[in-house]
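The values are calculated or read from the model by the stated rules, or taken from the named source; none is laboratory data. It should be emphasised that the depicted structure is a prediction, and the values quoted were computed from it without experimental measurement. Backbone-built Cβ (ideal geometry, glycine too); neighbour counts: all protein chains shown. Only protein heavy atoms, including side chains, enter the accessible area calculation; ligands, DNA and RNA are left aside. Shrake-Rupley method; radii C 1.70, N 1.55, O 1.52, S 1.80 Å.
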Amino acid sequence: MQASDLERVSEWMRTHVPGFLGPVQATKFDVGQSNPTYRLEAPSGSYVLRRKPPGILLKSAHAVDREYRVQRALAHSDVPVPNMLALCQDDTILGTDFYIMEHVVGRNIVDPSMPDTSPEGRRAVMTEMNRVLAAIHSVDVDAVGLSDFGPPGHYFERQLGRWSKQYRASETENLSEMEQLITWLADNMPADDGQRTLVHGDYRIDNMLFSQEGAACLAVLDWELSTLGHPYADLAGVIMQWQLPPGGEGRGLAGLDRASLGLPSDTAFVADYCKRRNISNIDNFGFYLAFSFFRMAAILQGVKKRALDGNAANPEKGLRLGAFVPHFAQLGLKAKHWNG
């Protein structure tokens, strides 16, 4: 952000953030491909600003106002979130919506294999990850004021339509794997079982902050895709991530000896989740997993398109991530046969 931006932000925060004292200095986080995120340092403390990106945006995308609302609603729940301080929808300040939240100092785990952690430490973090996921899906949405946070109806039908449309809007080439996957998902849509909970939409270990010492989750971040929907979408999203290669790019667990590392198998993680929510089993999990790969491919296609259009927070990384779209589509077709 330019100095003039920071001056306007500082003046706005002086009025809207209790206890704030300026001026501010901003450092951009190298995360948040979708919504640019900054650490703000001021005499009154450390804050985080998260804003919409510049440029022409897809309808309903980059909804920082929804991020703010859901995290504020969860402030006194069993789901750990940062303290929301103020939401700005005045375009004269930064040109886009943004919000200010507390800066949570915690451990961000990018690689789920946690190479520098003991087997006991890994097991504890994964247990906490499972617990928090079940907590999200157990939130009483009426009690926290989120009963209207998502439309009614069949969640996966709605999501398939939404992400197919978003994919078409950002499509840069014809990919036969994506066409096959979209068709298969439409032809194999499970019946609506009536489950409707809060869903995070991008629940991954790198969207969480843990205590510096131990495994306690201090905050779940990046709620842009949250809504009311089907909880299996979040659960399948976790398993999807683990099918990817380990390391900085894939951030998965494919090919690793999980038992020796203290990491749960896919089946064990799903079973633990079901136990926490008093569910006997999950039928047709392959559909939910295939859908997760499709949705992530559509998201990455959007990242690629923004990078090509010059609107990405990190264009180089955006193009690199966009190159994985065909691979995600292929994994989605393979996921149809998932049996644990």
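The distance linking the stretch 148-209 with the stretch 248-264 is 26 Å (Cα centroid to Cα centroid, whole angstrom). Counting 0.36 nm for each residue step from residue 323 to residue 267 and taking away their Cα separation leaves a gain of 17.2 nm.
Dividing the mean sequence gap of close Cα pairs (under 8 Å, 6+ apart) by how many residues the chain holds gives a relative contact order of 18 percent. With contributions of -39500 (n - 2.57) from each DSSP H run of at least four residues, the per-residue ellipticity at 222 nm computed over the chain stands at -13500 deg cm²/dmol.
Accessible surface area normalised per residue over the stretch 99-162 is 43 Å², counting heavy atoms of protein chains with a 1.4 Å rolling probe. Which part of the stretch 311-340 falls in the paramagnetic zone of residue 249, meaning amide N under 19 Å from the point 7 Å along Cα-to-beta-carbon? Residues 314-332 qualify, since their backbone N sits under 19 Å from the label point.
Accessible surface area normalised per residue over the stretch 177-299 is 36 Å², counting heavy atoms of protein chains with a 1.4 Å rolling probe.
Of all the accessible heavy-atom surface of the stretch 179-311, with the other protein chains kept in place and a 1.4 Å probe, what percent is carbon and sulfur?
For the stretch 179-311, the apolar C and S fraction of the accessible surface comes to 49 percent.
Counting only protein chains, not ligands or nucleic acids, how are 140, 187 ordered by accessible area (probe 1.4 Å), most first?
On the way: 140 90, 187 115 Å².
The residues order as 187, 140, largest area first.
As a calculated quantity, the FRET efficiency between residue 188 and residue 260 at R0 = 45 Å, using C-beta atoms, amounts to about 0.80. Only aspartates and glutamates eight or more places from residue 28 in sequence, or on another chain, were considered; those with a Cα closer than 15 Å are 5, 41.
In this entry, the stretch 60-118 is assigned a mean projected area of 6.3 nm², taken as a quarter of its C-alpha convex hull surface. Each residue, residue 213 and residue 16, gets one label point 7 Å from its Cα in the Cβ direction; the gap between the two is 3.8 nm.
Can you bin the chain into rounded, prolate or oblate? Criterion: square roots of the alpha carbon gyration tensor eigenvalues sorted a ≥ b ≥ c, rounded for a/c under 1.5, prolate for a/b above b/c, oblate for the rest. Note, shape of the chain comes out prolate. Modelled this way, with points 7 Å down the Cα-to-C-beta line, the labels at residue 78 and residue 180 are 4.2 nm from one another.
Taking the protein heavy atoms of the stretch 111-165 in the context of the full set of protein chains, the accessible area attributed to carbon and sulfur is 52 percent at 1.4 Å. Measuring nothing but how far apart in sequence close Cα pairs (under 8 Å, 6+ apart) lie, relative to its length, the stretch 218-317 scores a relative contact order of 22 percent. How would you classify the stretch 188-338 from its alpha-carbon gyration tensor, with a ≥ b ≥ c the square roots of the eigenvalues: rounded for a/c under 1.5, else prolate if a/b is greater than b/c, otherwise oblate? In terms of gyration-tensor shape, rounded. Once you've got the Cα coordinates, tell me which of 52/336; 275/336; 52/334 are over 28 Å apart. In this structure, 52/336; 52/334 lie more than 28 Å apart at Cα.
The modelled label-to-label distance between residue 334 and residue 316, using points 7 Å beyond Cα along the C-beta direction, is 2.9 nm. With a Förster radius of 35 Å applied to the C-beta separation of residue 309 and residue 105, the computed FRET efficiency comes to 0.50. The slack in the chain from residue 276 to residue 5, taken as 0.36 nm per residue of separation less the alpha-carbon distance, amounts to 92.9 nm.
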